1. If we keep just the residues of region 5-41 that are within 23 Å of residue 57 (Cβ to Cβ) and exposed (fewer than 14 other Cβ atoms within 10 Å of the Cβ), which is modelled with the lowest pLDDT?
2. Which members of region 43-61 meet the condition of being open to solvent by 70 Å² or more (accessible area, probe 1.4 Å) and assigned to a helix (DSSP H, G or I)?
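The values are calculated or read from the model by the stated rules, or taken from the named source; none is laboratory data. Here the structure is a predicted model, which means the values were calculated and not measured. Please note: Cβ atoms are built from the backbone with ideal geometry, for glycine as well, and neighbour counts cover all protein chains shown. Ligands, DNA and RNA are stripped out before the accessible areas are found, and what is left, the full protein with its side chains, is counted by its heavy atoms. Shrake-Rupley method; radii C 1.70, N 1.55, O 1.52, S 1.80 Å.
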Amino acid sequence: MDLLHPWWLVPLILFVLPMVVGLFYNRLRWHRNGVNQNWVLGLFVSVCWLAAIIVILNKLR
């Protein structure tokens, strides 16, 4: 059994879902388009680290 199959699905959901929620929240609440660039970069880096850990753990198994 793989740790996560397909492994790329979890990082994709963890990046896309908060981005969509943030975009909708900013649009409906504050009437702005987009989200803070620092938030997007931080989210992207965290998801990349998570994806790297998943790949490493799958290779170790």
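1. Going through the qualifying residues, I end up with 5.
2. Step one: of region 43-61, the residues open to solvent by 70 Å² or more (accessible area, probe 1.4 Å) are 44, 49, 53, 56-57, 59-61.
Selection gives 44, 49, 53, 56, 57, 59, 60.
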